[in-house]
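Peer 1: Structure in structure tokens, see below.
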Amino acid sequence: MSNPQQLRYSKEHEWLSAVEDGVATIGITEHAANALGDVVFVQLPEVGETVTAGESCGELESTKSVSDLYAPVTGEVVAANQDVVDDPSLVNSAPFEGGWLFKVRIEAEPEDLLSADEYTAFTAG
Amino acid sequence: MSTAPRLTALDALHRSLGATMTDFAGWDMPLRYGSERDEHNAVRTRAGLFDLSHMGEITVTGPQAVDLLDYALVGNISTVGNGRARYTMICQEDGGILDDLIVYRLGETEYMVVANASNAQVVLDALTERSRGFDAEVRDDRDAYALIAVQGPESPGILKSLTDADLDGLKYYAGLPGTVAGVPALIARTGYTGEDGFELFLKPEHAEGVWRALTEAGAGVGLIPCGLSCRDTLRLEAGMPLYGHELTTALTPFDAGLGRVVKFEKTTNEGRFVGREALEKAAERAETAPPRKLVGLVAEGRRVPRAGMSVVANGEVIGEITSGAPSPTLGKPIAMAYVDAAFAAPGTEGVGVDIRGTHEPYEVVALPFYKRQK
């Protein structure tokens, strides 16, 4: 699998788009989606809620397990993807596209976000 | 003792197919090859191919083989005809379930006992111990067999093209020797998916060739390789118990709602068998003051119940989930659970599951969740 070059990545396997007007789109990586198996339920943070980098802000439930969704940055949620709530399989079929999860107006971001190459090396280890 | 995982004869093939592997009872087994939902649906509508070589085969032979089995197990093995199979259990002296088993009668005085991978050694030890005084031999045949299952409505057609055996004459829960893709196999019409299908016991060195032949024969009708993940959702939909979840040493067959497998009217050993006294009491208790009962639960929402979660009603804990998963066939989360008898009737109002602090509403239903159309 290839991790898109224009994105940045957290060690908890979220991706973060380039920031436009202070807002970034967030999802989970293909690596994470594959590890989870078929995602069957997604609980996202609500619009207006503040999420904190490194803290749980939702849940991803797959056939065999439930996993916390972590916020890769701190900020206010400005959008949540209703399509993925209605059809959680988008997380598996299009993790970097239609399966995006939420958008955040960034207030602070950790310094240890990874580049695509760094994330690829991180998950290969 | 080595902690390296045991590998089946098909290990290299699984890896070449891109399987996600998982530890299962000390074996490295395929969890899934692609999407477990697709694998599940393939078995329900077309066909799926499984490697079950981790299961434990134990051969029991000798003039008193059947006397030993009647004494060691709770079933009446004397009534199993040659070429037939029987679902049964092995219990402790106190009635607790050591394992659930399938016993195949392979000849006049030859039986094969198939135990769960996680209990294979326990069953082998118990049978060996219980064989004292019987003119019978208990043989560990775990390394003698690979086990491949082809399951699903297309499986008879797929297998027919590769075997000389009379599959039309092979009933459900029967097995007969034959050839598959030119090699000898014990062909059994058994499975754990709720579908028609076959389990093929063969020499490990023949496993890869048979797997490839089945893959080729099934390609045109949608057969795909399937992992243990979908096997679990298939058996859950079919209401089949899994050892360690619905069945444990803390429960008797009567507590598990499977008292019908216990046969008190045995002709051998003057009716004696291990656990008899305790099981008679358990049978009476189940009749007069039933403890918890095994029920099915269907979610109204989308959150998935997991083993160990509490079943609740009116704010009180009334039971515990033993298995839970999203059901691909029903499109909703389902679970099996032991609940207090007062809440076990299908349609009981006000039952929920405590899912990480939230009480999610669930409907109590009769098992199984899914039954194939015959």
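The values are calculated or read from the model by the stated rules, or taken from the named source; none is laboratory data. All of these numbers come straight from a predicted model, not from anything done at the bench. In this analysis, Cβ positions are derived from the backbone assuming ideal geometry, glycine residues included, and neighbour counts consider all displayed protein chains.
Peer 1: B:ALA12 passes all but one of (1) closer than 25 Å to B:ALA217 by Cα; (2) away from every other protein chain (no Cβ under 14 Å); (3) under 19 Å from the mean Cα position of the chain (by Cα); which number fails?
Peer 2: (3)
Peer 1: Let me ask something else about it. Could you please find all residues in region B:323-342 being away from chain A (no Cβ under 14 Å) and surrounded by fewer than 21 Cβ atoms within 10 Å (Cβ to Cβ)?
Peer 2: B:ASP340, B:ALA341, B:ALA342
Peer 1: Also, quick follow-up: Within the group B:LEU147, B:LEU98, B:LEU69, B:LEU127, which residue is touching a helix residue (DSSP H, G or I) at 6+ places or on another chain (Cβ under 9 Å) and within 30 Å of B:GLU39 (Cα to Cα)?
Peer 2: B:LEU147
Peer 1: Here are some residues: B:ALA144, B:ALA174, B:ALA185. Which one is of a type in the set (Gly, Ala, Ser) and closer than 30 Å to B:ARG272 by Cβ?
Peer 2: Residue meeting the stated conditions: B:ALA174.
Peer 1: Looking only at region A:13-50, filter to residues that are under 21 Å from B:ARG32 (Cα atoms) and of a type in the set (Asp, Glu); which one of those is nearest to the other protein chains (Cβ to nearest Cβ)?
Peer 2: Restricting to residues being under 21 Å from B:ARG32 (Cα atoms) and of a type in the set (Asp, Glu), the top hit is A:ASP38.
Peer 1: Quick one: which helices (runs of 4 or more DSSP H) sit completely within region B:153-250 and have at least 2 residues that are of a type in the set (Val, Ile, Thr) and over 26 Å from B:ASP11 (Cβ atoms)?
Peer 2: none
Peer 1: Within region B:39-62, identify whether any single residue is in contact with a helix residue (DSSP H, G or I) (Cβ under 6 Å, 6 or more places away or on another chain), within 14 Å of chain A (Cβ to nearest Cβ), surrounded by 20 or more Cβ atoms within 10 Å (Cβ to Cβ) and within 24 Å of B:HIS245 (Cβ to Cβ), and answer yes or no.
Peer 2: Yes, region B:39-62 contains a residue that is in contact with a helix residue (DSSP H, G or I) (Cβ under 6 Å, 6 or more places away or on another chain), within 14 Å of chain A (Cβ to nearest Cβ), surrounded by 20 or more Cβ atoms within 10 Å (Cβ to Cβ) and within 24 Å of B:HIS245 (Cβ to Cβ).
Peer 1: How about region B:22-38: which of its residues are within 13 Å of another protein chain (Cβ to nearest Cβ), surrounded by fewer than 18 Cβ atoms within 10 Å (Cβ to Cβ) and part of a strand (DSSP E or B)?
Peer 2: Residues satisfying the conditions are B:THR22, B:PHE24.
Peer 1: Among the candidates A:ASN81, A:ASN34, which residue alone is surrounded by 20 or more Cβ atoms within 10 Å (Cβ to Cβ) and either more than 10 Å from the chain's Cα centre (by Cα) or at pLDDT 95 or above (or both)?
Peer 2: A:ASN81
Peer 1: Does B:VAL304 fit the bill of being assigned to a loop (DSSP other than H, G, I, E, B) and surrounded by 14 or more Cβ atoms within 10 Å (Cβ to Cβ)?
Peer 2: When the stated conditions are applied, B:VAL304 passes them.
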